[in-house]
Amino acid sequence: MSKACLSGGKLREGDVTPESLYVNRRSLIKALGLGSASVAAPAQAGLLDFWAGDSDNQNDRNRDQRKPLSYQVDNNAAKLSLTPYQKASSYNNFYEFGTSKTAPAENAHSLKLEPWTLTVEGEVNKPGKVDVWQWMNQQKLEERIYRMRCVEAWSMVIPWLGFELGKFLKQFEPTSNAKFVAFETLYDPEQMPGQKSRLVGGGIDYPYVEGLRIDEAMHPLSILAVGMYGKTLPPQNGAPLRLVVPWKYGFKGIKSIVKIRLLEKMPATTWNLLAPNEYGFYANVNPEHDHPRWSQASERFIGPGSALKVVRQKTLMFNGYADEVASLYRGMDLHKFY
Amino acid sequence: MLLHLAAFLPLVWLVYAIPAGELGGDPVKELIHFLGLGALRLLLLTLLVSPLRALSAYSPLIKLRRPLGLWCFAWASLHFFAWLYLELGFDWPLIASELLTRSYALIGLFVWLILSLLALTSVPLLQRKMGLRWRALHGSIYILVLLACLHFYLSVKSDVVEPLLYFVAAVVLLALRRRSIKSWLKSLSVLWSRA
């Protein structure tokens, strides 16, 4: 299955793993008492099963507050081999809960998710506040199976559930002055230990802020995600509401959003403020533009199976979404606007 | 014996911790970091032996220095191997370009190469045979510990406090042994004038 990812954008029919099938297969595997790795890759049976790491951890299940969502299944991208939920929910960058990859899964359950209000303001005719949980239940949610490429040169494939950002923003009637969209994560040091202590939070000036150009925000691939793997988001992945822009590095996907502002001027963004030579405003996935400290030409794919099963694959221009988004950047020097 | 257990048991723990998810769903980065940090700690401990001996006037302590140094080399080798294989999947052209173009990687490689030389020449027989040259070679640990801290500092994204603490620890340990450093520099200059 992972070979599908190695072949770049051209994926084969036989690699389909729709959400429902994915869940059913997992329960079948469990019913048979098999490790999932042994089914996904029979050649790896034996010792490596012990290192498979695809199974849910008992702790996670006890803490699991996620609710099932109804949504329209993604038929287009279902050819990608999914990262198991267990990995996607225990390997996170969410510095508000600590800088290690495991800290968010350990600490983020302290985040109080209900109620959650999202404010939309700035260059709009109809500014407003949205009760996120109520709103979520009224929308026709879509599943979007996207590649997720972290600037740290690892990647996943995640089945998000969400709503097109552009459609959402249009309800507030952006004015002709709205050239950019700024996003802001919750600021609450009582709930987020990383905001309370610089030692925990990696020395970032909180709240975390991100931004998009208006045409990027209006692009049909950009979504506000409220769920993944058939359910609402776990807190470590940015519950209850986060941004997903699949052709950009993962840090653009700001989590647990409380405010969206439409602006005339380009907004500041967190990682750009911290290290402007390493992280630009655009942060488009670009295998030809290296990070100063590592190559971006390839990536480690975190997929199904053992930790010892190394899948190093070529990084695709705009993370494989060049056909859809390259036109947004026509004529721009992508080495200058990285 | 206790030392061997202390340096070996964390590696045994990994065999349990990785499948149990203690290092997260994808343990690769955590594992590399864990091994690198372990190697750095062992390097600092190695440097702590002489000052401790001087303080306690308990001379058998010096026997700890060689095994500590060798364990440091073992952890550093695992750290390097994990990066080569788990992170980069033995993609040699990529590895070569990363090693040559990224300062933190190049520094790491340099430290590991010198550590290998120190490990190879650590047998008592060679120590006697090499004499002053052995002293000159093994004194490079004073530089290595600073380079290892620099390697750590350059590799982190934003949270520089931790590497800075290690850097301070290294400087304190070096300050404690000003005299040995002077004698090392002297041995270098003697060798230099001979050559």
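Per-structure values
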{"item": "Residue, nearest to A:Tyr249 (Cα to Cα), within the stretch A:195-219, restricted to residues that are among the aliphatic types (A, V, I, L, M) and away from chain B (no Cβ under 14 Å)", "result": "A:Leu212"}
{"item": "Any chance B:Ser116 is open to solvent by less than 40 Å² (accessible area, probe 1.4 Å), in contact (Cβ under 8 Å) with a residue 40 or more places away in the chain, over 19 Å from B:Leu40 (Cβ atoms) and not hydrophobic (A, V, I, L, M, F, W, C)", "result": "no"}
{"item": "Filtered residue count, the stretch A:123-167, keeping only those that are surrounded by fewer than 21 Cβ atoms within 10 Å (Cβ to Cβ), over 18 Å from A:Lys231 (Cα atoms) and away from every other protein chain (no Cβ under 14 Å)", "result": "11"}
{"item": "Flag if A:Ile254 is assigned to a loop (DSSP other than H, G, I, E, B) and buried (at least 21 other Cβ atoms within 10 Å of the Cβ)", "result": "yes"}
{"item": "First in the stretch A:211-227 and buried (at least 23 other Cβ atoms within 10 Å of the Cβ), second anywhere and modelled with pLDDT of 95 or more and of a type in the set (Lys, Arg), Cβ under 6 Å, 6 or more apart", "result": "A:Ile223/A:Arg144; A:Ala225/A:Arg242"}
{"item": "One residue from A:Phe318, A:Phe251, A:Phe281 being touching a residue at least 60 places away in the same chain (Cβ under 8 Å), within 14 Å of another protein chain (Cβ to nearest Cβ) and in contact with a helix residue (DSSP H, G or I) (Cβ under 6 Å, 6 or more places away or on another chain)", "result": "A:Phe251"}
{"item": "Index of the failed condition, A:Glu106 passing every other in (1) farther than 24 Å from A:Ser197 by Cβ; (2) open to solvent by 70 Å² or more (accessible area, probe 1.4 Å); (3) within 14 Å of chain B (Cβ to nearest Cβ)", "result": "(1)"}
{"item": "Test result for B:Trp75, open to solvent by less than 40 Å² (accessible area, probe 1.4 Å), closer than 30 Å to A:Ala88 by Cα and more than 11 Å from chain A (Cβ to nearest Cβ)", "result": "yes"}
{"item": "Those helices (runs of 4 or more DSSP H) lying entirely in the stretch B:11-110 with at least 3 residues closer than 22 Å to B:Val145 by Cα and within 20 Å of the chain's Cα centre (by Cα)", "result": "B:28-56, B:65-82"}
{"item": "Output for the stretch A:279-327, where each listed residue is closer than 18 Å to A:Lys79 by Cα, open to solvent by 20 Å² or more (accessible area, probe 1.4 Å) and small (Gly, Ala, Ser)", "result": "A:Gly320, A:Ala322"}
{"item": "Criterion (closer than 30 Å to A:Phe301 by Cα, open to solvent by 50 Å² or more (accessible area, probe 1.4 Å) and not polar (S, T, N, Q)) met by exactly one of B:Leu55, B:Leu14, B:Leu100, B:Leu70", "result": "B:Leu100"}
{"item": "Whichever residue in the stretch B:148-166 is within 8 Å of chain A (Cβ to nearest Cβ) and farther than 15 Å from B:Leu35 by Cα and, among such residues, is surrounded by the fewest Cβ atoms within 10 Å (Cβ to Cβ)", "result": "B:Val161"}
{"item": "Index of the failed condition, A:Ala88 passing every other in (1) within 14 Å of another protein chain (Cβ to nearest Cβ); (2) out of contact with any helix residue (DSSP H, G or I) (no Cβ under 8 Å at 6 or more places or on another chain)", "result": "(2)"}
{"item": "The stretch A:109-134 - residue that is in a helix (DSSP H, G or I) and modelled with pLDDT of 95 or more and, of those, farthest from the chain's Cα centre (by Cα)", "result": "A:Gln134"}
{"item": "Unique residue being farther than 22 Å from A:Leu221 by Cβ and over 18 Å from the mean Cα position of the chain (by Cα) when the list is A:Pro104, A:Pro68, A:Pro84", "result": "A:Pro68"}
{"item": "B:Thr46 vs. criteria more than 10 Å from chain A (Cβ to nearest Cβ) and among the hydroxyl-bearing types (Ser, Thr, Tyr)", "result": "yes"}
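The values are calculated or read from the model by the stated rules, or taken from the named source; none is laboratory data. Only a predicted model underlies this, so the values are computations on that prediction, with no experimental measurement involved. Note that each Cβ is placed from the backbone with ideal geometry, even for glycine, and that neighbours are counted across all protein chains shown. With ligands, DNA and RNA removed, areas are computed over all heavy atoms of the protein, side chains included. Shrake-Rupley method; radii C 1.70, N 1.55, O 1.52, S 1.80 Å.
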